[in-house]
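Contents: one structure, followed by commentary.
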Amino acid sequence: MKLRQVIPCLDINNGRVVKGIRFEDLRDAGDPIAQAQTYEMWGADALAMLDITATVENRAPFVHLVAQVSKTIQIPIVVGGGIRNEEDVRALLDAGASQVSLGSSAVNTPKLLESLAKKHGSECIMVAVDAGYDAEGVARVHTHGGKKATPLEVVEWCKEVEKLGVGEILLTSIDKDGTQLGFDIPLLERVCKSTSLPVIASGGAGKVEHFVEAFKAGAQSVLAASLFHFRTLSIEGVKAACEQAGFAMQQKTPKP
């Protein structure tokens with residue numbers, strides 16, 4: 001039986017943790033190093049660090065900040081934002097990242113995923129899929145921090161990245177992000193049924209029932225930000241509720 005995970009996410013802008021609604025209206029949520037240490041103490045299974053403006057501003061990944069955080073915690077770190085090439089990936093892995101998450105560059109250069117997976121192993125390479133609906137109600141992949149819609153249909157793109165050798169998918173609903181109204185369960189179910197890759201559900205968590213729903217839909221892990229940042233829910237409480245619902249939860253995940 002696969003152990004399910006709870007992953008807090010640090011959306012970072014200008015060196016600070018921020019959180020918005022539907023990728024807009026950002027508000028400050030604290031210092032990333034202090035937050036990382038707190039989440040490890042609270043039982044997080046991994047930590048996601050996403051530079052939400054690096055791609056839009058054409059900046060390199062925040063390698064120095066990753067190295068600082070990595071020195072203070074032992075749980076795995078997933079890093080995304082501004083990753084463009086092999087050099088960026090190598091620098092982040094050397095700085096202490098356990099996985100790198102590619103979004104815009106994956107869409108722009110799909111073959112990059114294949115070469116990265118071969119060189120570093122599938123387990124190190126994740127694809128971030130930011131999903132938003134078009135006027136016809138079709139879920140499309142968005143890039144550049146959710147600001148640019150592409151013609152790619154979400155489920156078909158997830159099938160494609162699996163063929164390219166990546167190890168995991170981070171599926172974020174733009175429409176649900178920050179609303180605390182629940183994950184996009186229909187889309188999550190479709191993606192989980194279409195691929196054998198583990199899927200991280202992101203965007204919309206607001207109460208413990210939402211995490212249970214995501215696991216029932218097939219997610220391997222659940223990711224949340226604001227409800228942990230502002231202490232609406234505890235990681236311990238979420239895990240307890242999921243265990244009560246019948247899911248075996250990860251208890252301690254040492255960093256590779």
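The values are calculated or read from the model by the stated rules, or taken from the named source; none is laboratory data. Note that this is a predicted model, so its numbers are computed, not measured. Every residue, glycine among them, receives a Cβ derived from its backbone with ideal geometry; neighbour counts consider all protein chains shown. Side chains are part of the model used for accessible areas, which takes the heavy atoms of the whole protein and leaves out ligands, DNA and RNA. Shrake-Rupley method; radii C 1.70, N 1.55, O 1.52, S 1.80 Å.
For the chain, adding -39500 (n - 2.57) for each run of n ≥ 4 DSSP H residues and dividing by the number of residues yields -9500 deg cm²/dmol at 222 nm.
Per residue, segment 70-201 exposes an accessible area of 40 Å² to a 1.4 Å probe, with every protein chain left in place.
Taking the DSSP bridge list for the chain and keeping only pairs wholly inside it, about 30 percent are antiparallel. Applying the criteria of a DSSP loop state and at most 10 other Cβ atoms within 10 Å to the trypsin sites (Lys or Arg not before Pro) of segment 44-145 yields K71.
Among the listed pairs K111/K193; K71/K207; K193/K239; K118/K239; K119/K239; K71/K148, those whose Cα-Cα separation exceeds 29 Å are K71/K207; K118/K239; K119/K239; K71/K148. For the chain, a simple Cβ point-charge model (Lys and Arg +1, Asp and Glu -1, everything else neutral) yields a dipole of about 360 debye relative to the Cα centre. In this view, the solvent-accessible surface of Y133, computed with a 1.4 Å probe and all protein chains in place, comes to about 100 Å². Length gained on full extension, K216 to Y133: 27.6 nm, using 0.36 nm per residue less the C-alpha separation. The heavy atoms of I235 present about 0 square angstrom of accessible area, all protein chains included, probe 1.4 Å. Each residue of segment 57-72 is assigned a 3J(HN,Hα), and the resulting list reads 8, 6, 9, 6, x, 7, 4, 4, 5, 4, 5, 5, 5, 4, 6, 9 Hz, derived from the Karplus form 6.51 cos²θ - 1.76 cosθ + 1.60 (θ = phi - 60°), x at Gly and Pro.
Per-residue Karplus couplings for segment 213-220, computed as 6.51 cos²θ - 1.76 cosθ + 1.60 with θ equal to phi - 60°, are listed in order as 4, 5, 5, 5, 6, x, 5, 7 Hz, Gly and Pro entered as x.
With the simple spin-label model, which puts each label point 7 Å out from Cα in the Cβ direction, the N108 to E57 separation comes to 1.7 nm. Whole-Hz Karplus values for segment 237-251 come out as x, 5, 5, 5, 5, 5, 5, 5, 7, x, 9, 7, 9, 5, 9 Hz, taken residue by residue from phi with 6.51 cos²θ - 1.76 cosθ + 1.60 and θ = phi - 60°; glycine and proline positions read x.
Exposure check, 1.4 Å probe, all protein chains in place: K207 carries approximately 100 Å² of accessible surface. Of the GluC sites (Glu not before Pro) found in segment 82-157, those that fall in a DSSP loop while having at most 15 other beta-carbon atoms within 10 Å are E136.
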